[in-house]
Amino acid sequence: MARGPSSSSGWRWLGGWRARRSRDSRQSSGPPARDDPFPAARRTRGGSIKLTRRHERALSHEVVEDCGAFLLGRYAEELESRSLAVPVWAWTNVLAHGTPTDLRRTADDSRVGPGSTREWRAARAYVAAELLEATARDQSLAETQRQRLVPLELQLATRSDVERWTPQRWVAAVRSSIATREARDVGKNGNTRRG
């Protein structure tokens with residue numbers, strides 16, 4: 001079964017957590033590690049986790065919220081609301097799934113976030129404004145999203161090197177994807193095709 005876009009960084013985090021937990025358990029038999037994602041969960045003799053129904057429901061609710069936020073183009077905001085780091089690919093989410101209203105709101109987004117979040121918000125606002133301008137000429141936002149931005153979002157989510165990208169490099173990748181769409185729409189006689 002293929003992993004979803006949000007699982008790539010999540011699985012890496014869980015793998016790192018397991019490695020730290022294994023290392024910590026060899027060093028001491030004290031309480032669980034501070035970053036234990038399941039602090040109240042019961043552990044079996046081999047160290048695996050046995051979740052209670054309450055924890056299963058809580059995790060299920062979180063997964064449903066994440067899926068809804070992803071499909072509505074609000075995944076970055078969902079992660080920020082839980083004080084989690086936003087992976088680079090998630091800044092593409094509103095561009096790939098947002099409505100024109102969402103994109104206008106994103107283009108006008110001047111909220112000041114902590115540290116590097118401010119740079120990412122500014123980069124996303126810039127690209128959202130460009131996307132609105134590019135698609136206003138031929139009314140093809142949904143087509144551009146489907147053919148260019150959703151594949152780009154998924155491609156970025158599966159590449160590990162993307163997490164080291166700067167906002168400028170991300171902007172260049174998104175602009176290139178949008179420009180490819182525009183170049184394809186220019187007909188042989190130089191007129192932009194509609195539809």
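None of the figures in this text is laboratory data; all of them are computed from the coordinates on show. Because the structure is a prediction, the values reported are computed rather than measured. Heads up, the Cβs are rebuilt from the backbone with ideal geometry, glycines too, and the neighbour counts pull from every protein chain shown.
Points worth noting:
- Other-chain or far-sequence residues with amide H under 5 Å of residue 138's (modelled H): none
- In sequence order, the stretch 146-151 has phi-based couplings of 5, 8, 10, 7, 5, x Hz under the Karplus curve 6.51 cos²θ - 1.76 cosθ + 1.60, θ = phi - 60°, and Gly or Pro positions carry x.
- Only alpha carbons enter this Debye calculation for the stretch 87-183, each as an equal point scatterer, and the log10 of I(q)/I(0) it gives at q = 0.11 Å⁻¹ is -0.28.
- Integer Hz, Karplus 6.51/-1.76/1.60 couplings in order for the stretch 165-171, x for Gly and Pro: 5, 8, x, 5, 5, 4, 4
- A convex hull fitted to the Cα coordinates of the stretch 127-178 yields 65 cubic angstrom per residue.
- Computed E for residue 101/residue 57 - FRET, C-beta separation, R0 41 angstrom, nearest 0.05: 0.80
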